2 protein chains.
Amino acid sequence: MALSEAILVCLTDRPMSGYDLAKTFDASIGFFWRASHQQIYRELGKLREKGFVKSQEIAQSGKPNRIVHTITPAGAEAVKVWSSKPGRMPSVKDELFVKFYALGSVDMDALKDHLTIRIDQHQTKLSKYRKIQDRYYSGEDQSLNHAGKRIILEMGIKEETSRIEWLQAAMFEITKLEQAGN
Amino acid sequence: MALSEAILVCLTDRPMSGYDLAKTFDASIGFFWRASHQQIYRELGKLREKGFVKSQEIAQSGKPNRIVHTITPAGAEAVKVWSSKPGRMPSVKDELFVKFYALGSVDMDALKDHLTIRIDQHQTKLSKYRKIQDRYYSGEDQSLNHAGKRIILEMGIKEETSRIEWLQAAMFEITKLEQAGN
DNA sequence: TGTGTTTATGCAACGAATTGCATATTCTGA
DNA sequence: TCAGAATATGCAATTCGTTGCATAAACACA
């Protein structure tokens, strides 16, 4: 499982609380590996048991105390071991395809609506990526870590752009089918 | 959950045994909704309980008996209800991205190997899609069900093609980074 | 003064998915 | 003739993921 590694990778950048991690997953690494805050808290517990992170409570007046997690040398080692092994193909699960597979049994107007929604969602994602790219990745930072994040943003932008294109092509095709009177 | 619907959709084409379904998931609908045989058998049990499929055992001499599942009117109705509701965005989980996110902490040669493997896997998928397209979807069948399957094949081909392109672009970029001596 | 949002953490229950095992027979090739 | 693949089904255990709930305080706004 790569959730634990994704967390360790985040903690390599800087020590974080579970809350910080949840926000990071929402805003950057989570574009490529989704996780909810409950998953993150549970996984942090496991990482602590394995000795891959150290956790220390920091008292805050007023707000609840923060528990800040730091990656240990054993954790860094675990990241290295993981990164040297090839991962598995991401498993596809897309309801929209299944609906197309059953085109004869679905309501065509509803399907067109769903297609429109999906295109919108991908466009939202795309503009989010572009904003981040403009804000943080148009500069001159040449470090490896920065370069890696720049590259996945570029990949994400290409992925979303092509998705939008072929979803629009699919929309065109089913509209044509409808007009043909099937 | 759409696994149950994916199964029902398959059974709309023709009655099948669990084994047939597992093979169908391996060879066609599973390109867009992966499922193992254990998942399928368990789900078939649930569908039977709900009355969405009827199952009848067919004696076979020698081989173990086949249990053939047929969709019921209630099952067909369930497909309709499901298809009218918008699905959720497929959740992304790709280790390769996570490795790029941690570019400073991973072994670059290993990462390049993994990239090569992934490009190969997508190329394999692509040529599988193209073969199916040539064999079954280059003809004149104008039925809706046929058209839907043709469209998802086209979408799949576009998806894989663009994936291969940007994975190669990523390979080019990290090679460039390496040569720059970072 | 109250309502809602943000920060901050976590349990409990359930449902989904994976992994490993188990059985039993036919057919194919070495 | 013997090994192994393909056909055919399924249980059990574990892990992963989601949903709903719970707590607790600061702060912004109306």
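The values are calculated or read from the model by the stated rules, or taken from the named source; none is laboratory data. Bear in mind the structure is a predicted one, so any value in this text is a computation, not a measurement. Cβ coordinates were reconstructed from backbone atoms using ideal geometry, including for glycine residues, and neighbour counts include every protein chain displayed. Surface accessibility is based on the protein's heavy atoms, side chains included, excluding ligands, DNA and RNA. Shrake-Rupley method; radii C 1.70, N 1.55, O 1.52, S 1.80 Å.
Would you mind stating whether B:Ser55 is open to solvent by less than 90 Å² (accessible area, probe 1.4 Å), in a helix (DSSP H, G or I) and away from DNA strand C (no atom under 16 Å from the Cβ)?
So B:Ser55 fails the test.
Regarding region A:119-139, can at least one residue be identified that is touching a helix residue (DSSP H, G or I) at 6+ places or on another chain (Cβ under 8 Å) and among the acidic types (Asp, Glu)?
Checking region A:119-139: not a single residue is touching a helix residue (DSSP H, G or I) at 6+ places or on another chain (Cβ under 8 Å) and among the acidic types (Asp, Glu).
Only one residue in A:Gln142, A:Gln133, A:Gln121 is surrounded by 14 or more Cβ atoms within 10 Å (Cβ to Cβ) and farther than 30 Å from B:Asp13 by Cβ, so which one is that?
Step by step, each of A:Gln142, A:Gln133, A:Gln121 is checked, and only A:Gln133 is surrounded by 14 or more Cβ atoms within 10 Å (Cβ to Cβ) and farther than 30 Å from B:Asp13 by Cβ.
Of the conditions (1) open to solvent by 60 Å² or more (accessible area, probe 1.4 Å); (2) closer than 24 Å to B:Trp166 by Cβ; (3) within 12 Å of DNA strand D (Cβ to nearest atom), B:Thr116 satisfies every one except a single condition; which number is it?
(3)
Checking B:Glu5 against (1) over 12 Å from the mean Cα position of the chain (by Cα); (2) more than 9 Å from chain A (Cβ to nearest Cβ), which test does it fail?
Result: B:Glu5 fails condition (2) only.
List the residue pairs whose Cβ atoms are under 6 Å apart, where the first residue sits in region A:32-55 and is closer than 27 Å to A:Ile151 by Cα, the second is exposed (fewer than 14 other Cβ atoms within 10 Å of the Cβ) and polar (S, T, N, Q), and the two are 6 or more positions apart or on different chains.
So the pair list comes out as A:Arg34/B:Ser91.
Mind listing just one residue for me: the one in region B:15-51 that is farther than 21 Å from A:Phe100 by Cβ and in a loop (DSSP other than H, G, I, E, B) and, of those, most open to solvent (accessible area, probe 1.4 Å)?
Residue satisfying both the conditions and the ranking: B:Pro15.
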